[in-house]
1. Based only on other Cβ atoms within 10 Å, what is the fewest-to-most ordering of Phe64, Phe32, Phe15?
2. Please name whichever of Leu136, Gly55, Leu119 sits farthest to the positive end of the charge dipole of the range 24-163, dipole taken about the Cα centre and charges placed at Cβ: Lys and Arg +1, Asp and Glu -1.
3. What ranking of Trp135, Trp116 emerges when the number of other C-beta atoms within 10 Å of each C-beta is taken as an exposure proxy, fewest first?
4. Please report, to one decimal in angstroms, the Kirkwood hydrodynamic radius of the range 24-163 built from all distinct Cα-Cα pairs.
5. Rank these for me by crowding, Glu27, Glu72, Glu52, going from fewest to most other beta carbons within 10 Å.
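Read-outs throughout are calculated quantities, based only on the coordinates presented, and are distinct from any laboratory measurement. Just so we're clear, the structure is a prediction, and the values are computed from it rather than from any experiment. For neighbour counting, all protein chains shown are included, and Cβ atoms are generated from backbone atoms with ideal geometry for every residue, glycine included.
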Amino acid sequence: MLVCGGEVDEVKVKFDTSSLGLSKWYEYAIRFVFGGMITALTGIIAQRYGPEIGGLFMAFPAIFPAAATLIEKHEKEKRERAGLDGTMRGRLAAGIDAAGAAMGSIGLMVFALIVWQKLPSSSLGLVLAGATLAWLTASVMVWELRETLCRRIRARLGAASGHRFHTAAQRGPSTHRRLDE
């Protein structure tokens, strides 16, 4: 699913450690336990149906479900501290995280395909280095494709409605303002 439009115009990828302090110890424990359960389930599937089938489930981001609920909760709490209803903001943040997880999973599939095909005949280090580079390239390409499609959709929607929107830099975060207002 393509996530674009709505309140989010452009998403900037950045590294921000400030959110580490927002999580409680038990939230990390929930992620750890849930991730362990998913990994154990994948092992059971691999044991019963073989490594090829079990490997398909390894592409599932093991901690994603727990992380998505925590992201939604933290965003909602942040908005409520400001005196606003944060329900939609929390859901939107979790949805954006889901889109990123899906894009990253495509990269993981590329990684797995390369390791599966090349490992029997090549050195481990070379295969892992190449597969990692392919994962990164595929993930970035999928992200760029999403950004390009979203820009085109926004341009068409703006042209069809007769509204011209400011760029994200002109208007600030998370709002649509028409130039003719």
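1. Numbers: Phe64 22, Phe32 13, Phe15 4.
Neighbour counts put them in this order, fewest first: Phe15, Phe32, Phe64.
2. Leu136
3. On the way: Trp135 20, Trp116 14.
Sorted ascending by nearby Cβ count, the order is Trp116, Trp135.
4. Values: mean 1/r = 0.0558 Å⁻¹.
Over the range 24-163, the inverse of the mean reciprocal pair distance is 17.9 Å.
5. On the way: Glu27 16, Glu72 20, Glu52 9.
Sorted ascending by nearby Cβ count, the order is Glu52, Glu27, Glu72.
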